[in-house]
1. Of all residues being out of contact with any His (no Cβ under 7 Å at 6 or more places or on another chain) and among the charged types (D, E, K, R) in the stretch A:187-213, which is farthest from B:Ile236 (Cα to Cα)? Just the residue, please.
2. Would you confirm whether or not the stretch B:45-52 contains a residue that is more than 30 Å from A:Ile232 (Cα to Cα), buried (at least 19 other Cβ atoms within 10 Å of the Cβ) and away from chain A (no Cβ under 14 Å)?
3. What number of residues within the stretch B:79-122 satisfy the criterion of being part of a loop (DSSP other than H, G, I, E, B), among the aliphatic types (A, V, I, L, M) and surrounded by fewer than 17 Cβ atoms within 10 Å (Cβ to Cβ)?
4. Scan the stretch B:151-173 for residues that are over 25 Å from B:Trp225 (Cβ atoms) and part of a loop (DSSP other than H, G, I, E, B) and jot them down.
5. Would you mind stating whether A:Phe95 is touching an Asp or Glu at 6+ places or on another chain (Cβ under 6 Å) and either away from chain B (no Cβ under 14 Å) or over 24 Å from A:Leu139 (Cβ atoms) (or both)?
6. If you check every pair at least six apart or on different chains, which have Cβ atoms under 8 Å apart with a residue in the stretch A:147-162 that is among the charged types (D, E, K, R) first and a residue that is loosely packed, with under 13 Cβ neighbours inside 10 Å second?
7. Can you name the residue in the stretch B:206-238 that is basic (Lys, Arg), assigned to a strand (DSSP E or B) and within 9 Å of another protein chain (Cβ to nearest Cβ) and is also farthest from B:Phe86 (Cα to Cα) among such residues?
8. Consider B:Glu56 carefully, then state whether it is on the phi < 0 side of the Ramachandran plot and modelled with pLDDT of 90 or more.
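The values are calculated or read from the model by the stated rules, or taken from the named source; none is laboratory data. For clarity, every value in this text was computed on a predicted model and none was experimentally measured. So basically every Cβ, Gly included, is an ideal-geometry build from the backbone, and we count neighbours across all protein chains shown.
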Number of protein chains: 2
Amino acid sequence: MSRIDYPVYLQLRDRLWTWIEDEQLGSQQRLPSERELSERFHTTRVTIRQALSQLEAEGLIFRSNRRGWYITPERLRYDPSRDVGFNRYVTEQGFRPRTETLSKVLTETPPWLSEITGLAIGAPIYHVFRRRYVDERGLLVEHNYINPAHCPGLLSESTDVSIWQMLRDQYDLCPEHRDIEIYPLALKGLEAEALGVNQGTAGLYIQRLSFDQRGEFLELDREYWLHDALKISVRIGDRH
Amino acid sequence: MSRIDYPVYLQLRDRLWTWIEDEQLGSQQRLPSERELSERFHTTRVTIRQALSQLEAEGLIFRSNRRGWYITPERLRYDPSRDVGFNRYVTEQGFRPRTETLSKVLTETPPWLSEITGLAIGAPIYHVFRRRYVDERGLLVEHNYINPAHCPGLLSESTDVSIWQMLRDQYDLCPEHRDIEIYPLALKGLEAEALGVNQGTAGLYIQRLSFDQRGEFLELDREYWLHDALKISVRIGDRH
């Protein structure tokens with residue numbers, strides 16, 4: 001069987017990326033304009049755009065509204081088999097985390113939440129909606145649903161911190177068992193709006209369902225990430 | 001702080017999904033037409049489409065070219081901390097796996113591959129490109145790069161099987177150490193074409209870099225999945 005031929009724009013993508021690496025353009029630095037690039041690489045604007053769009057799809061560059069193309073910061077690494085808190089793994093990788101509470105409310109458990117948590121429909125539940133930043137770039141929004149039975153008064157505290165740490169330090173609650181699910185989705189509605197992206201932009205969903213030491217529902221996280229912000233990273237066995 | 005109001009189409013999305021569940025529409029079953037749905041829910045075609053599009057973004061329904069909307073099959077579960085082979089986890093979940101080789105070739109190690117494997121640039125490398133099916137729906141395409149030093153003659157075997165099993169059974173090679181990376185991307189170029197989706201459709205990328213018992217590069221997998229086909233699923237601790 002013969003090798004599959006690569007289209008011109010993919011060859012250009014390789015030359016463009018090699019050039020970016022040679023130029024040592026770093027995180028959040030700006031690329032030359034499309035016009036300049038098409039002159040430098042002796043090609044058309046259409047082909048340059050296809051090559052740039054390929055690099056965007058690979059998460060290597062991102063577009064900032066009308067201001068051009070930028071180098072995407074290195075993806076944060078997250079290991080679900082370890083699953084430490086956001087503030088910890090961001091800090092461990094040398095970045096600066098920040099959390100902003102967009103809304104918090106005591107509400108009633110809806111049917112879908114009852115189904116996965118075992119709480120009765122209509123039972124009281126805390127719902128906190130937050131945006132989280134890494135080095136001041138907003139990378140995700142998160143819905144936290146917390147069982148108020150175990151942590152009355154939680155909403156009167158600041159939720160611009162680690163909720164896990166708060167549950168542990170102030171309420172002596174520790175997630176003993178967790179089910180984590182991760183899959184790609186298109187960002188829409190509230191989440192797209194709060195992240196400042198177009199409806200339908202690709203994203204990553206992380207759900208974390210936690211039960212306490214007695215096996216009772218403790219907390220549900222539903223995180224919506226920008227598609228280029230995170231990678232799941234798992235190491236099996238030891239490097240020789 | 002007050003609760004954020006949900007737009008009409010999101011409310012409709014909930015009613016629509018409740019109705020689908022009540023009707024017990026199952027995997028790959030077809031939804032009524034958009035016209036029928038807008039009559040049933042006393043709303044406009046525009047709002048129905050927004051609600052359907054939301055369910056599509058969530059991976060609950062998918063569109064089949066001009067033939068309407070269908071219920072997405074349950075996502076396959078894949079646990080990277082366990083990382084058994086495709087044929088095994090598909091079979092364990094009650095589905096039927098199939099693999100089709102699209103091309104295979106002995107070629108030369110390009111710079112990017114040299115960098116992550118430690119092979120010399122230009123060193124011989126097997127490159128196999130395959131499409132994999134679950135219950136006859138093509139869910140992913142995969143590039144395998146295999147170090148021929150340890151398995152001469154591999155390409156003369158059928159590669160429509162588990163390459164891991166072949167390496168183990170015929171060459172006594174076993175991946176001892178693996179680095180796994182997973183992130184969302186847009187499917188483009190060759191991979192989009194081989195999956196029969198539009199350029200730029202959201203997808204999921206899984207990379208698996210394996211070294212053998214002696215710490216030498218064994219194999220690199222680069223998998224490109226449809227966005228609605230897989231979920232990463234990790235359980236931590238035991239359920240009480």
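1. A:Glu193
2. Among the residues of the stretch B:45-52, at least one is more than 30 Å from A:Ile232 (Cα to Cα), buried (at least 19 other Cβ atoms within 10 Å of the Cβ) and away from chain A (no Cβ under 14 Å), which makes the answer yes.
3. Quick first cut of the stretch B:79-122, residues part of a loop (DSSP other than H, G, I, E, B) only: B:79-85, B:93-96, B:109-110, B:118-122.
Checking the rest, the ones that are also among the aliphatic types (A, V, I, L, M) come to B:84, B:119-121.
Now restrict to residues that are surrounded by fewer than 17 Cβ atoms within 10 Å (Cβ to Cβ): B:84, B:120-121.
So the count comes out to 3.
4. The answer is B:Cys151, B:Pro152, B:Gly153, B:Glu157, B:Asp172, B:Leu173.
5. Working: touching an Asp or Glu at 6+ places or on another chain (Cβ under 6 Å): yes; either away from chain B (no Cβ under 14 Å) or over 24 Å from A:Leu139 (Cβ atoms) (or both): yes.
The answer is yes for A:Phe95.
6. As it stands, the answer is A:Glu157/A:Gln170, since those pairs meet every condition given.
7. Residue satisfying both the conditions and the ranking: B:Arg235.
8. On the way: on the phi < 0 side of the Ramachandran plot: yes; modelled with pLDDT of 90 or more: no.
When the stated conditions are applied, B:Glu56 does not pass them.
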